[in-house]
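Asks: Here you go, one structure.
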Ligand code: B12
Ligand code: B12
């Protein structure tokens, strides 16, 4: 069950702490993690997804420009024939947003799941296991609400 | 200019600190202050106003039952033939009230001026000087907004 | 006049019957049934046990609304959203005045209009059954908090109703709270309350009793507060109470507050009988708050930090809306969480501040002086000693609305912000101690270039609400 | 590669021209006119003077919105309602990337729709005139805060625009903020910025420079932060800067924070030339905040208290909405007032905590070791020393997104909550110091009954946002 996950921070965002934690959590959970680091472009995500035959692409954004940065993201993936589950998470809007509206915005952009910054990594792992139909484990019984 | 002011906390309210400060401030400002203390009834206010020929009756209430305690207050004063300026101040409603509404309530009950608990004693003194047409002094130039 | 002796059983029964007959809901009280009800409560609702076995300060808010279902909802919210460890039920002012009829009217108005026509929960009117409904519905221990000089019926009903902690005492719920009750009278009243708590205690239901430490909440010198805590603790112990929580209200100077809480605990252990389990409670600043929630949060934060250093067993929190009026549930819960965050961030840190021991010594010396004066004047009887001490001003409380205290003592802050005594009246402390206070206040007067006067006291009373600890002259200029 | 030498005047002019030509608004910059404009400003808008002459910590928030009128309104509100002493203008992320075209688009969208399409104020696009409109309109000194690796044009325009303080530095605005710029490159860029500030300084306009002390904001060991502050201070001094504010971000342990701020000031005085006026700035907790405003207020309160004890010259405040996103004006002002209240209540108190001196000694020893290693590696040149130190890992920053740092250092809290180093990489500190850290961390591991591992680091990263200082294993279980 060596599922591969491509992980990175999009745009010119340099908040690295979140993906550092995520990398460790997904690795511990048994995934192969390709961490592209901060300030990753759409194209770099697509390339890595192709190279590593990623099952999932995890995009992180904290600095408030996620929407601009993600416009066209799924088109770039499609052009590269990437057929992976896509998640995005972090502080996705500038200011004190209503998260439900934010979630809709990013769903409309093509993301399969949208997580806010209160998300515990375990939650995302449980969701991904479900989406990739990986044999359920203990952790899976956590509620997934994204 | 020895104007007499009757001061007290109405009802079963025992918050004494405010009137202690007020007593000192009005005395320093040159008024004769009759401090009836806490838990003063309507009747006690009226009696003292008569006995001391009060120019003003200052009612304090902090504990949130002012409205109940002041119903009929002006009728009692009228019966005793008290013709004094009446002020009330403190925390006049239970909970997080809108002060403008509270002010109207107490105006309707007959009070000439209604002060919230942010009132600086100097403000009340300036107002009283104005209402009693006492020669203006320095302090008078403070804005009165009650 | 009663002495400091345990009320005999027959006398207890006599008063109990009389009390229960004084208002219709009293008739539902049945001691045996009540003991059985308490025995049926799960461990996590046993107030004394939960409090005494905690290894971190437990948090408790203040809260009371007239209607039962609203009160249940309020407490549930404070427990869940506020993460309160212990819950309160604050009683309305009419009940405190034993004006149950008026409380009934208020309750009915509240029921009809939905408005909170009372400033608390009228437990007597809700009766034993109403109280038990509350205790059953909430998932933490609950204390009765009030301010009632004659709380005999309130105690009878709430104890039978399942409450296991009861705030107040003959001095602390008289002197700061009313001018209509003599001290001899409230001592008698509270001997009954304590004796009733003692009766439950004998049957294994350890009702926790909590004298109200902050008194008038306004610059109360620690030694005065502690002396009164010791007296009330001793009086309660005589009547058989075995779980006593001594209280203290924050003055805002960290060193003095930590020293006072330590002195409170030490002296409590020293003076109270061994059979009593002594715990302490720290009240976040009880004086005038800033008229601004952001600034109020600062006051609360400093309270939390003090608690993290002093580690009392319990902290009574304030809300950011303290200035304005009874807080919304959300604001009340917010005060709890702000406090929790500061305590939990600071409590594992070693924060040893210099000068705490010296300050504690001074507080203990003063307290010894005061409490021994009380004993002396009583000639072997604490009740008499207490009455004489207050009567003569040997013991006194600043800003007391009650004529039972001389109210001659006036406090002011020194240059470091610690509360000292400016006017002594006849307070029973020796010249050496007075000289220490005088020197400290002289230093402040010097710093400020003004005389020591009531002006200084008034400035100090307003200082925290105006954003500072010490009421310096220019502070006023700013406003 | 440049050396740590003052850029000659002709070279300064050359770069300056090149920079100003790189974007249309650059052409409005005129040095003489700018000096005259600065000279026309009233005393209370002179940043360095106001900061250096304050006798209490001054408060400054973070704030930036795209439109000029909104920014003016925002700053006015923070000054009046927030009682901020010093004001910020935070620059948007596109400008930080020198993507002025995108910033322009964002600004236009903002102007058309009223939405804040940028996360800050695009000062380059607003140009000299826009900046001066801002400086004229607000009634306090204003600093440019950003995170721009190549801030040359931003500096040219904002200095000419009347700003008298400029945050950042070649390391502190590179390593934590980007992975697209080499260190050699940012050192060159910042030499120009500092040289320009020095040119104004020579003309009597003392532009204040403030290296960004918190770095990645996440458990940065004090000695690492201080070393970088010293390097950036020295580099700036070489270029003629005479007002330097060294920064430090709260780690949450009061003793360590006070010790670090004292060490920062002492070492700043020790290492920087006498001609430089050194001040310090304390940033309230820069790591992950609790997702709850009430709890966030607790974090802010602890920051205020730390500031009251350590007395830095300036405090950069956080808002209770830090977790969620850019705060509303009200929340930003609230963070200021909460901090003010705590500082003003605590600052007159004598709060001397044990162990601060020892901790300060340790921090100073570590810092000496690190900075001397940098000097050694540079063989007389600080620029070279810095590059080699980062290259070899002799100097390193935890959680650095930039490849210019090894990022091999991993911090963790000890049993008292102080930040220690778990993984050293090639950090230039000797075994004796390492042994101290190791012993402290071993004690914690022991308390928790688990191994020292990345798990511990991850737990510590989340701890404050989850309500504690130390990421104990059971803390996670709670959540
Ligand atoms: C530390 C920090 C910094 C550090 C970052 C150091 C570094 N290189 O990593 C510094 C100080 C350098 C910094 C800079 C900036 N920051 Co910053 N920063 C923070 C802060 C305080 C904590 C972030 C953090 O590390 N959290 C801890 C980690 C573990 O949590 P996390 O990042 O949220 O990640 C978790 C979850 O979000 C989730 N998650 C994240 N991504 C994903 C993706 C997926 C798929 C899933 C499932 C889950 C997931 O899981 C993660 C692990 O648990 C936050 C506010 C906060 N949260 O308290 C602001 C914050 C994110 N920063 C902000 C801003 C604006 C900036 C700047 C633009 C500020 C400025 N004006 O200078 C710059 C941007 C620089 C750049 N180019 O990116 C804003 C964003 C505003 C918005 N979105 O509306 C915030 C919210 C602060 C605020 N309230 O204004 N910042
Ligand atoms: C100290 C205090 C106490 C002390 C009082 C000691 C004493 N005997 O004085 C103690 C602890 C005993 C206490 C008890 C109670 N309190 Co109390 N108390 C306070 C507190 C914290 C400060 C009051 C104070 O002394 N302020 C300082 C003085 C100088 O200011 P002041 O009283 O506001 O007076 C100034 C102005 O209001 C104005 N002013 C006042 N009156 C007048 C009149 C006129 C004519 C004018 C012009 C101006 C004016 O000028 C004064 C001088 O500057 C306030 C909250 C706060 N403000 O922060 C709550 C508060 C007033 N208390 C409250 C309550 C509910 C009670 C209790 C019922 C609580 C309880 N549940 O146990 C009991 C009531 C007991 C009783 N029978 O009265 C509520 C009132 C709620 C409401 N109105 O909605 C408050 C607002 C707290 C809260 N947020 O819930 N309290």
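Asks: Can you pull out every residue in the range D:162-188 that is surrounded by 23 or more Cβ atoms within 10 Å (Cβ to Cβ) and not in a loop (DSSP other than H, G, I, E, B)?
Replies: Listed by number, the residues that qualify are D:165, D:166, D:167, D:186, D:187.
Asks: Only one residue in C:370, C:336, C:362 is assigned to a helix (DSSP H, G or I) and touching a strand residue (DSSP E or B) at 6+ places or on another chain (Cβ under 8 Å). Which one?
Replies: C:336
Asks: Name the single residue, out of those in the range A:42-100 being without any contact (Cβ under 8 Å) to a residue 24 or more places away in the chain and farther than 15 Å from residue A:114 by Cα, that is nearest to the chain's Cα centre (by Cα).
Replies: Looking at the filtered set, the residue picked out is A:83.
Asks: While we're on this one: Are any residues in the range C:108-141 surrounded by fewer than 24 Cβ atoms within 10 Å (Cβ to Cβ), in contact (Cβ under 8 Å) with a residue 60 or more places away in the chain and assigned to a loop (DSSP other than H, G, I, E, B), and if so, which ones?
Replies: Scanning the range C:108-141 gives C:116, C:119, C:138, C:139, C:140.
Asks: Could you grab me the full set of residues in the range C:102-112 that are away from ligand 2 (no atom under 16 Å from the Cβ) and within 13 Å of chain B (Cβ to nearest Cβ)?
Replies: Passing the criteria: C:105, C:109.
Asks: Identify, from the list D:425, D:378, the residue that is more than 11 Å from chain C (Cβ to nearest Cβ) and in contact with a strand residue (DSSP E or B) (Cβ under 9 Å, 6 or more places away or on another chain).
Replies: Within the list D:425, D:378, the selection yields D:425.
Asks: Residue under question is residue D:302, and the condition is that it be surrounded by 21 or more Cβ atoms within 10 Å (Cβ to Cβ), at negative phi and at the interface with another protein chain (Cβ under 9 Å from one of its Cβ atoms); does it hold?
Replies: yes
Asks: Here are some residues: D:268, D:247, D:217. Which one is under 19 Å from residue D:148 (Cβ atoms), at pLDDT 95 or above, in contact with a strand residue (DSSP E or B) (Cβ under 7 Å, 6 or more places away or on another chain) and surrounded by fewer than 24 Cβ atoms within 10 Å (Cβ to Cβ)?
Replies: D:217
Asks: Against the definition (at positive phi and over 15 Å from the mean Cα position of the chain (by Cα)), how does residue A:110 come out, yes or no?
Replies: No.
Asks: Could I ask something else about it? Within the range A:4-31, track down each residue that is closer than 16 Å to residue A:134 by Cα and more than 14 Å from the chain's Cα centre (by Cα).
Replies: Scanning the range A:4-31 gives A:27, A:28, A:29, A:30.
Asks: Within the range C:24-41, can you find the residues that are within 27 Å of the chain's Cα centre (by Cα) and assigned to a loop (DSSP other than H, G, I, E, B)?
Replies: Within the range C:24-41, C:29, C:41 meet the criteria.
Asks: State whether the residues of the range D:99-107 include one that is within 16 Å of ligand 1 (Cβ to nearest atom) and free of Cβ contacts under 8 Å to residues at least 12 places away in the same chain.
Replies: The answer is yes, given that some residue of the range D:99-107 is within 16 Å of ligand 1 (Cβ to nearest atom) and free of Cβ contacts under 8 Å to residues at least 12 places away in the same chain.
Asks: Mind listing whichever residues of the range D:142-157 are touching a residue at least 60 places away in the same chain (Cβ under 8 Å) and more than 14 Å from every other protein chain (Cβ to nearest Cβ)?
Replies: D:142, D:143, D:145, D:152, D:153, D:154, D:156, D:157
Asks: Looking at (1) within 14 Å of ligand 2 (Cβ to nearest atom); (2) touching a helix residue (DSSP H, G or I) at 6+ places or on another chain (Cβ under 8 Å); (3) more than 23 Å from residue C:106 (Cβ to Cβ), can you tell me which one residue B:79 breaks?
Replies: (1)
Asks: Just to be sure before I move on: is residue C:304 closer than 17 Å to residue C:62 by Cβ and either away from ligand 2 (no atom under 11 Å from the Cβ) or touching a residue at least 60 places away in the same chain (Cβ under 8 Å) (or both) in the structure I sent?
Replies: It is true that residue C:304 is closer than 17 Å to residue C:62 by Cβ and either away from ligand 2 (no atom under 11 Å from the Cβ) or touching a residue at least 60 places away in the same chain (Cβ under 8 Å) (or both).
Asks: What residue, among those in the range C:308-346 that are within 13 Å of residue C:282 (Cβ to Cβ) and more than 12 Å from chain D (Cβ to nearest Cβ), is farthest from ligand 2 (Cβ to nearest atom)?
Replies: Per the stated criteria, the residue is C:311.
Asks: Could you tell me whether any residue of the range D:226-237 is closer than 15 Å to residue D:405 by Cα and within 14 Å of chain A (Cβ to nearest Cβ)?
Replies: no
Asks: Out of everything in the range D:428-452 that is outside any helix (DSSP H, G or I) and without any contact (Cβ under 8 Å) to a residue 60 or more places away in the chain, what residue ends up being surrounded by the most Cβ atoms within 10 Å (Cβ to Cβ)?
Replies: Checked the range D:428-452; the qualifying residue surrounded by the most Cβ atoms within 10 Å (Cβ to Cβ) is D:428.
Asks: Then there is this: In the range C:62-99, how many residues are more than 12 Å from every other protein chain (Cβ to nearest Cβ) and more than 11 Å from ligand 2 (Cβ to nearest atom)?
Replies: Within the range C:62-99, residues that are more than 12 Å from every other protein chain (Cβ to nearest Cβ) and more than 11 Å from ligand 2 (Cβ to nearest atom) number 18.
The values are calculated or read from the model by the stated rules, or taken from the named source; none is laboratory data. Note that the structure is a prediction, hence the values are computed from the model and not measured. Here the Cβ is made from the backbone with ideal geometry for all residues, glycine too, and neighbour counts use every protein chain on show.
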